[in-house]
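The values are calculated or read from the model by the stated rules, or taken from the named source; none is laboratory data. What you see is a predicted model, and the numbers here were worked out from it, not measured in a lab. Using ideal geometry, Cβ is built from the backbone for each residue, glycine included, and neighbour counts are taken over all protein chains shown. Ligands, DNA and RNA are excluded from the accessible area calculation, which covers all protein heavy atoms including side chains. Shrake-Rupley method; radii C 1.70, N 1.55, O 1.52, S 1.80 Å.
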Amino acid sequence: MQQTFKTILAIETSCDETSAAIIRGDHKRVTLLSNIVSSSASLQSKYGGVIPEFAAREQLKAIIPVIKESLFLAKLKPEQIEAIAVTVGPGLIGSLLVGVETAKTLSLVWQKPLIPVNHLVGHFYAHWLDNPTPPKFPCLGLLISGGHTDLVLMKDHHQFEYISGTRDDAAGECFDKGARLIDLPYPGGPAIAQAAQNGNPQVYSLPKPMLNSTDFDFSFSGLKTAILNLTNKIKGGNKTLTSQQQADLAASIQETISQVLIAKLVAASQSLGAEQVMIAGGVAANHHLKTKLSETFRQQLPRVAIHFPKLQFCTDNAAMIAAAAYFNPIVVESISLQANPGLNLI
Ligand code: KG4
Ligand code: ZN
């Protein structure tokens, strides 16, 4: 029989966020006691993206203070923690190693069981945090993060069936690269969302990749090239875009990515007869996407329950890792645990 652990400390360091969280589980409910997130994104912003070596060094600086703060906020001592969970992959190897080696050390010193968690699975568990009405199974899930765009069927806790995914870039990557092309800072998603507030998505037209394909696959690399060509055409002989041109381009990029994601999710929901649908990952924080998605489902699939994670649990955080560990407490030998940067969802 599988052991259960009620009070779990989780560590997440897969990219440029250093996070530690403590949850308390009680049957099917997970209560958040603390969730500390320290991000080096604003420091990376001046380089236009994440520099892996730099991210790893920032992880090293932040990891101990972040863990201490999570214990302090939860008003717990290490003795009161029953298990330690950690993201083992996918992600940047230098960043992952900081979390994995710290978790292994704490597990050995504090003599606590160690639970490895797949970061992508963790994103879906954002729905089981402080949520009295989490998704019911089976649930169709769309993961939209910086490195992944995957459609899966979650049949039960930790039982995933892969349906489709991106053939090249991820949706978040398209936001990030699109932002860079129109001279907006990293991370591109929030920057595009903010600039788009003053823009009109009708001014510039962008192709909607694979919108009419009969499968549920995605592709965003062609869109990136189209943004580059369009931006160069608008700039003409000028070196910079006006702020109105930038806002209109941002609105078009956001609208185009949203339309593709929504069309595919609606088609997959209809084809699979889904009754429960959830989105997860950093791009799920996009307000425009959420509003359009709710509206489309209300009009076209009114019987389908669509779930959105709370805003603070969309982007990387350790709370979702703790929730994933609570529902699948597979303990491993601390000393032998290895980070796996290329880990897949299934
Ligand atoms: O899930 P996440 O925090 O990290 C990965 O696992 O990749 O996702 C990060 C991605 C980035 O590409 C970022 O630009 C995007 O999520 N993102 C957004 C928003 N906030 C973050 N994209 C669109 N709108 C947002 N508000
Ligand atoms: Zn993530």
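Table for the structure above
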| item | result |
| --- | --- |
| Residues satisfying the stated conditions in the stretch 166-189, i.e. within 16 Å of ligand 2 (Cβ to nearest atom) and either in contact with a strand residue (DSSP E or B) (Cβ under 9 Å, 6 or more places away or on another chain) or farther than 15 Å from Q246 by Cβ (or both) | T166, D169, A170, A171, G172, E173, C174, D176, Y186, P187, G189 |
| Selection count, the stretch 187-215, where residues are over 20 Å from the mean Cα position of the chain (by Cα) and surrounded by fewer than 18 Cβ atoms within 10 Å (Cβ to Cβ) | 13 |
| Check on P132, closer than 23 Å to Q2 by Cβ, more than 16 Å from ligand 1 (Cβ to nearest atom) and of a type outside the set (K, R) | no |
| Residue tally, condition open to solvent by 50 Å² or more (accessible area, probe 1.4 Å) and among the hydrophobic types (A, V, I, L, M, F, W, C), over the stretch 129-180 | 1 |
| Residue count for the stretch 318-346, restricted to those that are assigned to a loop (DSSP other than H, G, I, E, B), within 21 Å of I67 (Cβ to Cβ) and among the small types (G, A, S) | 1 |
| Residues of the stretch 95-119 that turn out to be of a type outside the set (A, V, I, L, M) and open to solvent by 30 Å² or more (accessible area, probe 1.4 Å), as a count | 7 |
